[in-house]
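This report concerns only the one structure given below.
The values are calculated or read from the model by the stated rules, or taken from the named source; none is laboratory data. Quantities reported herein were computed from a predicted structural model and do not represent experimental measurements. Neighbour counts run over all protein chains shown; Cβ positions are idealised from the backbone, glycine included. The accessibility values were calculated without ligands, DNA or RNA, using every heavy atom of the protein model including side chains. Shrake-Rupley method; radii C 1.70, N 1.55, O 1.52, S 1.80 Å.
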Amino acid sequence: MAFDPKKVIEWGMSLPLMSNERGIMAAFGIYAAMNFNEFFFSTVSKIMHMATEEDAVEVEKKLYNAVLDCAYYTFHGARTSVDWQDYIAPMIETKEDELMALVAFTNIFGVGYIEVVELIPGQRLVTEVKNAYDPPRYIEEFGIQKRGRCYMFSACTAACMDLVYGPVFPKGIGTFKAEEVLCIAKGDPVCRFVATLK
Amino acid sequence: MDYIPKIRFEADKNLLYMDDIPISLHCHYFNCGLINAIEAIDYFDGIDIYIHEAAKCFYEYFKRILVVDDEISSIEKALKRAEDIYRFMGYGRIDLSKLITGEGIATSDSSYFVVGWLAIYGKRDKPVCHLTRGFIKAVLATIFKKDIRDFNVIEIQCMISNAQNCKFKVSRI
């Protein structure tokens, strides 16, 4: 069976992501919540502009690591779920299929559409996003930025490589490091992320 | 629930909306990691910014669905709807029924931020439900047609420190 990323998105959309009576939404070993996109942008952008350059870099690192944890554990929880084994696993024949499936799985959380533009197995993954929420908001509120602002996608790109080509879970986290080399917030036409071995 | 927000997903763009407002699903690593990063800065009150921005976003949303008018006939019903939305969004379970005058105590016996923080960092002395403070400000500002700055919300006890429930003391400024 040929791998079809749309099947992953269809599967993800069919998941009953609902909070329980106690208002807790638990899935794949994590707790999920719905955030207003504007909330994340407005909070982080104000913090970044008030912090010293040194602290802003430190906050960026912490956000990157928070998302890395988020993606690494969530995606692993998904790929080891019974539903994934039933519905997605039959399409996966190679590590590269699995990598594509994990990137596709990112495309169910409402954060903008991420696509693979280059994959060198075990070495390098390049992804792009054209419709992330934050970059145009940064330009609207603060003008063209000196640095990329899409912390979420950088870490997701690295996490997918960690899970597929890194040491066996949970030891593989941080095997790859991703950078945002292009960002719409900097005036670039797309946001582009490159993950390579650390 | 008397009101269930309308969720719309644009699969080809990976965009998610709740009642036409862009939202996304984030896990506790992300949300608690954000708080952890902000709290580490000690020369300005980043958490105050976080609470204010949360209040602003909830207020923009609540202006659409929480105004006491013909559809929501009473303050009690508006508070109940806010509780339902809080639970729907995955933030836990909260009782706002004692805030009928715009002041008083709100309690929560189930908190997303508490379970999330415990899972990553463990217990601590400081409260962790900062977003809930912004949420309560927005609820009251909408219902009483005030500014979000007109309400002071303090978390006076938090389950992250072994309290039986989280308590929020609300006063008008």
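Just to be sure before I move on: is A:Glu60 acidic (Asp, Glu), open to solvent by less than 40 Å² (accessible area, probe 1.4 Å) and within 9 Å of chain B (Cβ to nearest Cβ) in the structure I sent? Yes: the conditions hold for A:Glu60.
One line per residue, one yes/no per condition, for (1) touching a His at 6+ places or on another chain (Cβ under 9 Å); (2) open to solvent by 20 Å² or more (accessible area, probe 1.4 Å); (3) within 24 Å of A:Ala2 (Cβ to Cβ); (4) of a type outside the set (Phe, Trp, Tyr):
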| site | (1), (2), (3), (4) |
| --- | --- |
| A:Gly112 | no, no, no, yes |
| A:Val117 | no, yes, yes, yes |
| A:Leu125 | no, no, yes, yes |
| A:Lys130 | no, yes, no, yes |
| A:Phe176 | no, no, no, no |
| A:Lys186 | no, yes, no, yes |
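A single entry from A:Thr127, A:Thr94 fulfils the requirement of being touching a residue at least 12 places away in the same chain (Cβ under 8 Å) and hydroxyl-bearing (Ser, Thr, Tyr): A:Thr127. Step by step: first the residues of the stretch A:18-57, then only those that are more than 7 Å from chain B (Cβ to nearest Cβ) and either in contact with a Pro (Cβ under 8 Å, 6 or more places away or on another chain) or not in a helix (DSSP H, G or I) (or both), then the one that is surrounded by the most Cβ atoms within 10 Å (Cβ to Cβ). Which residue is that? Within the stretch A:18-57, the match that is surrounded by the most Cβ atoms within 10 Å (Cβ to Cβ) is A:Phe28. Working only within the stretch A:119-141, note down all residues that are assigned to a helix (DSSP H, G or I) and in contact with a Cys (Cβ under 8 Å, 6 or more places away or on another chain). Those that are assigned to a helix (DSSP H, G or I) and in contact with a Cys (Cβ under 8 Å, 6 or more places away or on another chain): A:Asp134, A:Pro135. For the stretch B:1-39, residues that are more than 7 Å from chain A (Cβ to nearest Cβ), of a type in the set (A, V, I, L, M, F, W, C) and more than 20 Å from B:Glu60 (Cα to Cα) total 3. Among the residues making up the stretch A:82-112, a single one is within 14 Å of another protein chain (Cβ to nearest Cβ) and in contact with a Pro (Cβ under 7 Å, 6 or more places away or on another chain): A:Ala104.
If you go through the stretch B:15-71 and keep only what is touching a strand residue (DSSP E or B) at 6+ places or on another chain (Cβ under 6 Å) and of a type in the set (Val, Ile, Thr), you end up with just B:Ile23.
Residue check: is A:Val103 open to solvent by less than 20 Å² (accessible area, probe 1.4 Å), assigned to a helix (DSSP H, G or I) and within 19 Å of B:Asn14 (Cα to Cα)? Against the criterion (open to solvent by less than 20 Å² (accessible area, probe 1.4 Å), assigned to a helix (DSSP H, G or I) and within 19 Å of B:Asn14 (Cα to Cα)), A:Val103 qualifies.
Table: residues versus (1) within 14 Å of another protein chain (Cβ to nearest Cβ); (2) of a type outside the set (A, V, I, L, M); (3) in a helix (DSSP H, G or I); (4) open to solvent by less than 60 Å² (accessible area, probe 1.4 Å).
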{"residue": "B:Ala78", "(1), (2), (3), (4)": "no, no, yes, yes"}
{"residue": "B:Ile85", "(1), (2), (3), (4)": "yes, no, yes, yes"}
{"residue": "B:Gly90", "(1), (2), (3), (4)": "yes, yes, no, yes"}
{"residue": "B:Thr101", "(1), (2), (3), (4)": "no, yes, no, no"}
{"residue": "B:Trp117", "(1), (2), (3), (4)": "yes, yes, yes, yes"}
